[in-house]
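Here, each number is a calculation from the coordinates, and none is a lab measurement. Owing to the predicted nature of the structure, the values given are computational and were not obtained by experimental measurement. Counting neighbours? That spans all protein chains shown, and the Cβs are built from the backbone with ideal geometry, glycine included.
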Amino acid sequence: MKNISRRKILTSSGAFLGASMLHSVSPISTPLFAADQFTKNFDVVQADKNENPYGPSRVALKAISKAMNLANRYEGRSRRQLIKLIAELNDVSPENVALGTGSGEILKTGGLIASWEEGSIVCADPTYQDLVRYASRERSKIIRVPVDENLACNLEAISNAIKNDTRMVYLVNPNNPIPNVINGSELRDFVTEISKDRMVFIDEAYHEYVKDPNYQSMMGLIAEGKRNIIVARTASKIHGLAGLAVGFGFAHPDHIKEINQLKTGKNNILGVEAAYASYQDNEFQDFSRRKNQESLDIVETMFKELGVRYIKSNANFSFFKTGIPVEELNKKLLEYDIASGRPFPPFTDWSRVSMDRPEHMQYYVKVFKELFGKRILDSAS
């Protein structure tokens, strides 16, 4: 592989390389980094935290600016207005909605509810850890069920893992770090059955990005009045409001009362007003989905060129097998101003890469192929 300097890579920009070039460039033989050809006009590729690189929207920013004059007020009226809107958008009653400081607060509250009595929580492995990590510090034993050979959540295996003392089944759909979905009709039947005897918590943080036609939100079960089911959503992802921490829990009104009694955080009026504006800004949400797909197309083209296994994404990140210890990979990428996802045992030679802007992901692809392309191709031959 042609040796290159860090300076040469860092003088490359994302704006330089169109999608057609990505298909035609060899990952190992073509010199990609002429120092005087391009200019890198960003600091870091943020490919590690599943954030929306474009948010908040202009509509949300205007709402934040206007709300600065209300910073001396509590968010009571604005909170009720937001809850009413979210209920309408999801065809449920406001009594079915709890507002949290990000979905993280809803997740932790769910973990606390599951831990009132000593028992177990069943979840897929790997998956997002906030709820089970919190519950494990209380009274709960965590039963982790490995994903199947397709890296999918196996509902039959989850069901078989349930014990007499299981207080909650926790599912993330789409999953994280594996951005696949559970078959919708199968999940609905599973949740309906399991919730007869215990709580089922479904984290739908990436709901707005899903394209798989087999996906179903479990919000319909909430609308039908089913008990023992909690669904979590967040404004941190497609709405780009991670720093303002706005999230939602959906459940039967009795469970919403319980969640509200257990919450410890308090939303600030800027976040509430921003979310109220952003959830009505369909144009920005559509834009975010389009740009996210452009970035996914860029990295998936690289996966195909290198012949690596990857999971087709239903979120704003991808998950692919590098065959390289992720700590080694991340350390090297960081030298070229690319932050990439942490390890997710037991998949320690897989990498979760979050989608930054398309021009940033073009830079990511250039660097990754130059640093690791030959090594990956050689290992596959």
> What 222 nm value per residue comes from the helices of the chain, counting each DSSP H run with n ≥ 4 as -39,500 (n - 2.57) and dividing by all residues, nearest 500 deg cm²/dmol?
Replying inline: -12000 deg cm²/dmol
> What are the ³J(HN,Hα) values, in whole Hz, obtained from phi via the Karplus relation 6.51 cos²θ - 1.76 cosθ + 1.60 with θ = phi - 60°, for each residue of the stretch 60-69 in sequence order, with x given for Gly and Pro?
Replying inline: 5, 4, 5, 5, 5, 4, 5, 6, 4, 6
> In whole Hz, what ³J(HN,Hα) sequence does the stretch 182-192 give by Karplus (6.51, -1.76, 1.60; θ = phi - 60°), x for Gly and Pro?
Replying inline: 8, 3, x, 5, 5, 5, 4, 4, 4, 5, 4
> At residue 289 and residue 159, where each label point lies 7 Å from the Cα along Cα→Cβ, what is the point-to-point distance in nanometres?
Replying inline: 3.2 nm
> Taking GluC sites (Glu not before Pro) that fall in a DSSP loop and have at most 11 other Cβ atoms within 10 Å as cut points, what is the longest piece of the chain between them?
Replying inline: 225-381
> Per-residue HN-Hα couplings for the stretch 337-349, Karplus 6.51 cos²θ - 1.76 cosθ + 1.60 at θ = phi - 60°, whole Hz, x for Gly and Pro?
Replying inline: 6, 10, 9, 10, x, 5, x, 10, x, x, 8, 7, 10
> When the Kirkwood radius is taken over all Cα pairs of the stretch 58-280, what Stokes-Einstein diffusion coefficient follows at 37 °C and 0.692 mPa s, in µm²/s?
Replying inline: 186 µm²/s
> Just one of (i) 22.0; (ii) 22.5; (iii) 23.1 is Kirkwood radius over Cα pairs in Å as worked out from the coordinates here. Which one is it?
Replying inline: (i)
> Using 0.36 nm per residue, how much length does the chain from residue 348 to residue 183 gain when fully extended, once their Cα-Cα distance is taken away?
Replying inline: 56.7 nm
> Around residue 354, with a cut-off of 9 angstrom between Cβ atoms, what is the net charge of the other residues, counting Lys and Arg +1 and Asp and Glu -1?
Replying inline: -1
> Say R0 is 35 Å: what FRET efficiency, to the nearest 0.05, do residue 309 and residue 335 get from their beta-carbon distance?
Replying inline: 0.85
